[in-house]
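The values are calculated or read from the model by the stated rules, or taken from the named source; none is laboratory data. Small disclaimer: the values here were computed from a predicted structure and weren't measured. Virtual Cβ from ideal backbone geometry, glycine too; neighbours counted across all protein chains shown. Just the protein is used for accessible areas: all its heavy atoms, side chains included, with ligands, DNA and RNA removed. Shrake-Rupley method; radii C 1.70, N 1.55, O 1.52, S 1.80 Å.
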Amino acid sequence: MNHRLQWDIFCKVIDNYGDIGVCWRLAADLATRGHRVRLWVDDACALQWMAPGGCDNVRVIAWTPPLALQAADFALQPCDVLVEAFGCDAAPEFIAACADQQSANGLKPVWINLEYLSAEAYVERCHALPSRVQRGPAAGWEKWFFYPGFTAATGGLLREPGLADRQSRFDAPAWLAAQGITFSREKRVSLFCYEPGALPGLLKQLAQHGLDGEAVRLFVAAGRASHAVKAVFNDEKCLLRNTSGRSQLSISYLPLLTQNGFDQLLWACDLNFVRGEDSLVRALWAGKPLVWQIYPQDDAAHLDKLAAFLDMLEAPASLRHFHQAWNRAGTGHEAPLVLQRDLQDWQTCLGNARERLMRQNDLCTSLLSFVAKNR
Ligand code: TRH
């Protein structure tokens, strides 16, 4: 059992919502397990809608120089664990303050570099490796690479205690009623994406055929996904109907949801389109068929990452095929037709993956035992 530790998490928001989304989840998870967290972030805007209620024992502090160490009570509550999220470097004055602490009382923080999520093989090789700090006031200290991942030899995935309970108590008809929609036989699909080239093709397919003949209600996430869908409708109004002039597709544009509200959306749907990192993990926990739009990198390194993820899933051919189309760069790609049979295969695949992953330690549990061993 860990005693109550003081964690300092440093987060730089690059773009989109994943960096802060993951850091917030980690901070809140640690706090609900009894720890204290200072979350230093250069742009906390998104927390206003992701987590408007905040969380006891998490202090969100602006990461702007000079760092407000005094106001953050650093001297009273020195850092036990320092987390640099996604390869960012913690503020130098923070490291200097940790080094001063060490000269005063001999204690130094466990220093963790929390990496991006990947199913690639290097993750198991590099997880929990130390790297010696070469210069500055903390020269000679160890920094540890900590990799989230999908196997027992990695740091695992964020999964807060109580998630499965919340999910099993979820009432989909009540959730739909709260959206002003009566429970019906429509297939429910959520869409959280960037601007996939196959989006017009998918919307056309859904409007003309639904999902293999069943009408579809598409819940479109606020922001880039909703702009992308509206742009297709502006361009291709006439294509989005079937031959009898009717559309099989109804669309609900969503406001920005809290992270808990976003989970509920994923639980309520029969098929979830997700992107980036955090929504992918949440869709895995939802255990429903999913399609992932991976964050694209200039050198196309994301394609290996995508292939490794599909291997980890043991994805059937139809799911791989759909992912290839959904992640192809450029515009105007067809979206492969999704049949009922495919959806059933995807459901089996995602249900099995959820079960496997649920048996592994979650990221917070792994971090806590790692810290206990390395203090
Ligand atoms: O926003 P993203 O595309 O973030 C990405 C990835 O993390 C990527 O790896 C990183 O390099 C890049 O940012 C900079 O997708 P992601 O990771 O799913 O994060 C979205 C977060 O937003 C997630 O925590 C869920 C949350 N969210 C809500 O809470 N409510 C909402 O309504 C929506 C749409 C999202």
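Figure legend. Inter-residue proximity from region 16-34: first residues without any contact (Cβ under 8 Å) to a residue 60 or more places away in the chain, second residues more than 7 Å from the ligand (Cβ to nearest atom) and open to solvent by less than 10 Å² (accessible area, probe 1.4 Å), beta-carbon distance below 8 Å, spacing 6+ or different chains. Indicated pairs: 20/11; 20/41; 27/7; 27/9; 27/37; 27/39; 31/37. Yes or no: region 142-163 includes at least one residue that is outside any loop (DSSP other than H, G, I, E, B), among the small types (Gly, Ala, Ser) and either open to solvent by less than 40 Å² (accessible area, probe 1.4 Å) or at negative phi (or both). No - not one qualifying residue is present in region 142-163. Each residue in region 278-300 was checked for being more than 7 Å from the ligand (Cβ to nearest atom), in contact (Cβ under 8 Å) with a residue 24 or more places away in the chain and among the polar types (S, T, N, Q), and 1 pass. Quick one: what pairs do we get from region 52-75, first residue open to solvent by less than 30 Å² (accessible area, probe 1.4 Å) and outside any loop (DSSP other than H, G, I, E, B), second charged (D, E, K, R) and modelled with pLDDT of 95 or more, C-beta under 7 Å, 6+ apart or different chains? That search, which allows pairs on different chains as well, returns 61/38.
Scanning region 1-15 for residues being in contact with a strand residue (DSSP E or B) (Cβ under 9 Å, 6 or more places away or on another chain), in contact (Cβ under 8 Å) with a residue 40 or more places away in the chain and in a loop (DSSP other than H, G, I, E, B) gives a total of 2. Considering (1) assigned to a helix (DSSP H, G or I); (2) near the ligand (Cβ under 10 Å from one of its atoms), the lone condition that residue 303 does not fulfil carries the number (2). When region 265-277 is limited to residues that are part of a loop (DSSP other than H, G, I, E, B) and either β-branched (Val, Ile, Thr) or in contact with a Phe, Trp or Tyr (Cβ under 9 Å, 6 or more places away or on another chain) (or both), the one that is nearest to the ligand (Cβ to nearest atom) turns out to be 276. For residue 89, the requirement of being open to solvent by 50 Å² or more (accessible area, probe 1.4 Å), closer than 23 Å to residue 367 by Cα and modelled with pLDDT of 95 or more is met.
Identify the residue in region 168-187 that is closer than 30 Å to residue 16 by Cβ and more than 16 Å from the ligand (Cβ to nearest atom) and, among all such residues, is most open to solvent (accessible area, probe 1.4 Å). Top of the filtered list is 180.
Might you check whether a residue that is away from the ligand (no atom under 11 Å from the Cβ) and touching a residue at least 40 places away in the same chain (Cβ under 8 Å) occurs anywhere in region 255-264? No: zero hits. Counting only residues that are open to solvent by 40 Å² or more (accessible area, probe 1.4 Å) and closer than 19 Å to residue 375 by Cα, region 76-86 holds 2 of them. The number of residues in region 47-77 being more than 20 Å from residue 89 (Cα to Cα) and small (Gly, Ala, Ser) comes to 5. Entry remark, region 180-226: residues being in contact (Cβ under 8 Å) with a residue 24 or more places away in the chain, hydrophobic (A, V, I, L, M, F, W, C) and in a loop (DSSP other than H, G, I, E, B) number 7 in total.
Screening region 14-45 for residues that are under 14 Å from the mean Cα position of the chain (by Cα) and surrounded by fewer than 20 Cβ atoms within 10 Å (Cβ to Cβ) and picking the one that is modelled with the highest pLDDT gives 16. Just so you know, in region 310-366 the residues that are in a helix (DSSP H, G or I) and charged (D, E, K, R) include one that is farthest from the chain's Cα centre (by Cα), and it is 341.
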